[in-house]
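Engineer: Can you read through this structure? Questions will come right after.
The values are calculated or read from the model by the stated rules, or taken from the named source; none is laboratory data. What you are looking at is a predicted structure, and each value in this text was computed from that prediction instead of being measured. Using ideal geometry, Cβ is built from the backbone for each residue, glycine included, and neighbour counts are taken over all protein chains shown. Keep in mind that these areas ignore ligands, DNA and RNA; they rest on the heavy atoms of the full protein, side chains included. Shrake-Rupley method; radii C 1.70, N 1.55, O 1.52, S 1.80 Å.
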Amino acid sequence: MAERSPSDPPSRHREFRRELYCGGVLAAAFVLQAWVSWRTWPDILVDFGQELYVPWRLSEGDVLYRDIAWVSGPLSQYANSLLFRLFGVSLTMVIAANLTILAVIVALLYYLFRQCGSRRSATFIGLFFLMVFAFRQYSLIGNYNYVCPYRHDITHGLALGLVNLVCLVQFGRNARTSWLAAAGLCLGLLALTKIEMLLSGLLTTAAALSLFAWQNLPVRERGGAAPSESQAARSFVRLSRMARWALIVTASAAAPLIFAVGGLAVSLGWTSAFRQIFLQYRLALLPEMSTSSGFYRSLSGWDAPGANLLSMVLATVLVIGAVVIGCIVDLMIGRSKRITLWAIFLGIAVAYCGLAFVPPHEWQALPACLPLLLAAIIAATFLQAAREPSGDGGASILLVTAVYGLSLLPKILLHVTWNHYGFVLAAPGTLVVIHVGVHAIPAWWYRRRKTGRCVAAIAVGVFTAGAVSLALIGLRIDLTKTIVVGQGGDRFYSAPAFKNDGDGRTAPTVNTLAWLQQNMRPGDSLVVFPNGVMLNYLLRARNPTPFIMFSPWESDVHGGEDRVADAVIRAAPDFAVIVTMDMTIHGRGNFGDPQFGGRIRKFLDEHYDVVDEQISLEGVDGRFVSTVFRRRVNAE
């Protein structure tokens, strides 16, 4: 009897059912993670408030860059303002939109890793992403999750980067220019988010098109038989093909940029619109804007490069050692008749040891290995990918995805973690390393030794232990968030303060919010120093100045502290709030000290009355004060 073809209907139906099963597992994990962390995602003061305030003001008719000082691209803010115009202003609307985008990201990740791996490995990767990156909070400050991120530009940018990656894979498969044009459109949109997201998209696209140009040459011209044409002729073919593709990408990328500049030019003028949209790119050419800040040096790892490089090497050696141990164990028992049981036992034992003996915070040191490992993966897969006939082969997809993961890391290159910026910037690279550990290396080992299950079992055990440990940290933080902030569709939860633990900002901020709700009249204006525009949003109180953050870096970017102070003094808001926020890492102290915000504090002392003060002496950061100022009636 003839063997059934994989394309026969029963086989296709079986494959479809298996894909549905994997999708169902990921969907169940998605729902569970969202449920256990429901509305605990925002930070009560830092960063995320502007992701609500700015779209609200834009939906009311304000213009970005003219009425609101802004550094990043306009795409995310205007997209959210459109949602507010269509469906109403609320945190619930933002949550719904971001959960939808997160679901798309998970689907794109599953698709990419399914194309170069198996259903099991792609499902495991999706579960790891949901447990570690998507919803979690690992420290006092929230914001570093995909539902209420510190900047929508970065999560929208990741989604666009993955769409760009899928479009490139499809173009490598069938060479249809429509896919290439779609990839170019994604690059244009990425240019309207953040510079690091555009950089990764450009490098990934360049790497993919270079690979495809090589692959599309006849096989004999890539090292098989003797070439029928000269090396110069073959190089000319490659370069002309890449030039044609680059022209298509550039034309497609230009469309959203022209649309954005033209739209803002109506209010700002062409020159100002162009200058403001690309302000962040000009700032990137001024490294002193970042190197002068201890905050950014610390996040990038340049505050202690020697120690961070050593940590990177040690983490890399640790990961390679685990792979070597897996190969040795495979040599010993890999061909046993009970290898499946041995592999299950080994995976469970490794996961148990990781959970029992590795302190949970130590797992944050593991991603330090990403730069070296991703570079090694790119080098190892390059030749294999170049031999593939088209860009949809497993090695080609892995190579391009690894390039994408590595090109996201420069901002945190020497201090890669899964926390803070790493919740986006380190995610694709981490998932590439997981794919290599649970699928690529075991498959390679199997082709040579007819084994490989022990290698996969150790990799699954290690990454399971890390994911569970970090998920438990996040879960403990989520469960402490019991204090309600805001009302109705703007409601979310924040943690109370305990002795030397918890969030000491919560109770004073909630009490300040309640006082302002009772005493502010409709139309009264409010400014919160140095960071707390969340209060403006929850109160629907306009900030009469263009400035919504008053950190040293923001002040320097927007013309200096004196320019910011002049704007505040001219606007003379009806109410002002100063909250404790130590800026020592930025080279300054608390706002209102002589070296930071001194002019503004002097103006408030002279023309305003202190009408409310809330103090907390508990919490992980110690003393926190929220002081409310009201402008005197006779103040000029």
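Engineer: For E613, tell me the accessible area in Å² from a 1.4 Å probe, rounded to the nearest 10.
Structural biologist: 100
Engineer: Which cross-chain or sequence-distant (5 or more) residues have an amide H under 5 Å from the amide H of D612, H modelled 1.01 Å from N in plane?
Structural biologist: Long-range HN contacts for D612: V628.
Engineer: If you take the square roots of the eigenvalues of the alpha-carbon gyration tensor of the range 314-469 and sort them as a ≥ b ≥ c, do you get rounded (a/c under 1.5), prolate (a/b over b/c) or oblate?
Structural biologist: Here the range 314-469 falls in the oblate category.
Engineer: Go ahead and run the numbers for FRET between F259 and S210, Cβ-Cβ distance against an R0 of 25 Å, rounding to 0.05.
Structural biologist: 0.30
Engineer: Per DSSP helix of 4 or more residues, -39500 (n - 2.57); summed, then divided by the residues of the chain. What does that give at 222 nm, rounded to the nearest 500?
Structural biologist: Helix-only estimate at 222 nm: -20000 deg cm²/dmol.
Engineer: Report the label-to-label distance for R599 and M332 in nanometres (one decimal), using points 7 Å from each Cα along the Cα→Cβ vector.
Structural biologist: Placing both labels 7 Å beyond Cα along the Cβ direction yields 7.1 nm.
Engineer: Now for a different question. Compute the accessible area per residue over the range 347-464, keeping the other protein chains in place, probe 1.4 Å, unit Å².
Structural biologist: 37
Engineer: Rounded to whole Hz and in sequence order, give me ³J(HN,Hα) for the range 439-445 from the Karplus expression 6.51 cos²θ - 1.76 cosθ + 1.60, θ = phi - 60°, writing x for Gly and Pro.
Structural biologist: Karplus values, whole Hz, x for Gly and Pro: 10, 5, 5, x, 5, 5, 5.
Engineer: Based on the mean of other beta carbon atoms within 10 Å per residue, what is the order of 459-468, 90-99, 335-344, 31-40, most packed first?
Structural biologist: Ranked by mean Cβ neighbours within 10 Å, highest first: 459-468, 90-99, 31-40, 335-344.
Engineer: Amide H to amide H under 5 Å from V577: which residues, 5+ apart in sequence or cross-chain, H placed 1.01 Å off N in plane?
Structural biologist: Counting only residues 5 or more places away or on other chains, the set is V527, V528, F529, F629.
Engineer: Using only the heavy atoms of the protein chains and a 1.4 Å probe, how would M131, M197, M549 rank by accessible area, largest first?
Structural biologist: Reading off the accessible areas and sorting them downward yields M131, M549, M197.
Engineer: If you take the beta carbon distance between Y21 and R476 as r and set R0 to 25 Å, what does 1/(1 + (r/R0)^6) give as a FRET efficiency, to the nearest 0.05?
Structural biologist: With R0 = 25 Å, the Cβ-Cβ based efficiency is 0.20.
Engineer: Something else: What is the angle, in °, between the Cα long axis of helix 506-519 and the longest principal axis of the Cα atoms in the chain? Nearest 10 is fine, range 0 to 90.
Structural biologist: Helix 506-519 and the main axis of the chain meet at about 50 degrees.
Engineer: If you stretched the chain out fully between S118 and S178, how much longer would it get, using 0.36 nm times the residue separation minus the C-alpha to C-alpha distance?
Structural biologist: Taking S118 through S178 to full extension adds about 18.8 nm, to one decimal.
Engineer: Expected output is a single nm value to one decimal: the length gained when fully extending between A571 and V358, i.e. 0.36 nm times separation in residues minus the C-alpha distance. What is it?
Structural biologist: Value of the extension gain: 71.3 nm.
Engineer: What is the packing order of peptides 407-414, 300-307, 394-401, taking the mean over residues of other C-beta atoms within 10 Å and listing the highest first?
Structural biologist: For the peptides 407-414, 300-307, 394-401, the packing ranking is 394-401, 407-414, 300-307.
Engineer: Within the accessible area of the range 378-449, what % is carbon and sulfur when the probe is 1.4 Å and the other protein chains stay in place?
Structural biologist: Accessible surface attributable to carbon and sulfur in the range 378-449 totals 65 percent.
Engineer: Here is a further query. I'd like to compare 600-609, 120-129: which one has the highest average count of other Cβ atoms within 10 Å, and what's the full order after that?
Structural biologist: My ranking of the peptides, most packed first, is 120-129, 600-609.
Engineer: I'd like the accessible area for H152: 1.4 Å probe, protein heavy atoms, all chains in place, Å² to the nearest 10.
Structural biologist: In the full protein context, H152 sits at about 0 Å².
Engineer: Could you give the nm distance between label points at Q517 and W35, where each point is 7 Å from its Cα heading toward the beta carbon?
Structural biologist: About 2.9 nm separates the two model spin labels.
Engineer: If you take the charge dipole of the chain about its Cα centre, with +1 on Lys and Arg Cβ and -1 on Asp and Glu Cβ, which of V557, G347, N590 is farthest toward its positive end?
Structural biologist: Selected residue: G347.
Engineer: Something else about it: Return the carbon/sulfur percentage of the accessible area of the range 55-147, one whole number, probe 1.4 Å, all protein chains in place.
Structural biologist: After summing per-atom areas, the C and S share lands at 62 percent.
Engineer: Right, something else. At 7 Å along the Cα-to-beta-carbon direction for both S11 and S267, put a label point, then send me their distance in nm to one decimal.
Structural biologist: 5.8
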